[in-house]
1. Each label point is 7 Å from the Cα along the Cα-to-Cβ direction; what then is the distance between the points at residue 88 and residue 171, in nm?
2. When you count, for each residue, the other Cβ atoms within 10 Å and take the mean per peptide, how do 134-141, 18-25 rank with the highest first?
3. What's the FRET efficiency of residue 2 with residue 215 using the Cβ-Cβ distance as r and R₀ = 30 Å, to the nearest 0.05?
4. I'd like to compare 29-35, 182-188: which one has the highest average count of other Cβ atoms within 10 Å, and what's the full order after that?
5. Two decimals is fine: what is log10 I(q)/I(0) at q = 0.26, 0.34 Å⁻¹ for the range 17-56, from a Debye sum with one equal scatterer on every Cα and no solvent?
6. Determine Rg/Rh for the range 3-70; Rg is computed over alpha-carbon atoms and Rh is the Kirkwood hydrodynamic estimate from the same atoms.
7. For the range 5-28, list residues with backbone N below 19 Å from a point placed 7 Å from the Cα of residue 195 toward its Cβ?
8. What does the range 108-223 give for Rg and for Dmax, in Å, if only its C-alpha atoms count?
């Protein structure tokens, strides 16, 4: 199937309407409709977010409609370190295409985890002593790592998943953050729009958490993976 059919298929599999998906992507529902009808195609940054939302690989979503020029606008916006990651991935893909077999390497490493987020720990994460946890995968550049506790950010993050965070107090609407909300630590999507400022769960079973004078809120950082 091509990308238009795949978006519709995986959206329905995840139980989202076109309006639901549009809200998660911060676009208009008409854009999702145009993608699914084949009148238009999403840029790669939206493709990446949708793949995360649906819990699938980008290749599964793109299908057989990928064009080389689709990646250029996204690549040009990356910083130097992330461009290097894209280049290294492209080299591995070329080697695979040319049937060059690399000896497997051990990617398991130890990660310093400062606690759990999402359901709330009641503690300031950065005051904790980190626990060394085995991590099987590539560790991105980060300032600290935490473990997701609960299902409020499904399908993007699973219960028990290790996520990596860059420290910052400046965030944009739409970014996934680690926040202190009324003395508890959460991983949520930060949203600031016409409906107000709030912390949002991707799992629709959970209500939004308003940010106002009735609640104490501060940002630990932005999730990078």
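1. 2.8
2. 18-25, 134-141
3. 0.10
4. The packing order, highest mean first, is 182-188, 29-35.
5. -0.91, -1.27
6. Answer for the range 3-70: 0.91.
7. Within reach of a label on residue 195: 15-28.
8. Every Cα atom of the range 108-223 included, Rg and Dmax give 13.7, 44 Å.
Rule-based calculations on the coordinates, nothing more; no lab input. Small disclaimer: the values here were computed from a predicted structure and weren't measured. Cβ coordinates were reconstructed from backbone atoms using ideal geometry, including for glycine residues, and neighbour counts include every protein chain displayed.
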